[in-house]
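First up is the structure itself, then whatever we jot down about it.
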Amino acid sequence: MIARLRGRDWRTAADLGAMHENDKRKLRAVCRQSHGLIISGPKGYKLTSEVSADDYARCRARFQAIADDIGTHLAELDAQFYRNEGVQP
């Protein structure tokens, strides 16, 4: 995948041959397992070392918002669970 992204503009999942949801899941897994070499965003996939500062900032902000939302949800789940169980984490 890295070779298919090197020196190119953003590539969509379809550009990379992913036509079905299962194929798209595999691309997302490859991206997560790339140790940061590949970034993904609304535009598709690109090598992190080749994105503009603006594109990086937008992708990073999107991931940070997702992480914040998950953290809030987890805290709410913990509060509800431990309230009912009478124990604390």
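The values are calculated or read from the model by the stated rules, or taken from the named source; none is laboratory data. What you see is a predicted model, and the numbers here were worked out from it, not measured in a lab. As a convention, Cβ positions derive from the backbone with ideal geometry for all residues, glycine included, and neighbour counts pool all protein chains shown.
Of note:
- Lone qualifier among ASP69, ASP54 - being within 14 Å of the chain's Cα centre (by Cα), among the acidic types (Asp, Glu) and part of a helix (DSSP H, G or I): ASP69
- Those residues of the range 16-50 which are among the polar types (S, T, N, Q) and either in contact (Cβ under 8 Å) with a residue 24 or more places away in the chain or assigned to a helix (DSSP H, G or I) (or both), in sequence order: ASN22, SER34, THR48, SER49
- Restricting the range 32-46 to residues that are closer than 16 Å to ALA14 by Cβ and of a type in the set (Ser, Thr, Tyr), the residue that is modelled with the highest pLDDT: TYR45
- Lone unmet requirement of (1) within 18 Å of ARG8 (Cα to Cα); (2) in a helix (DSSP H, G or I); (3) not aromatic (Phe, Trp, Tyr) for ALA75: (1)
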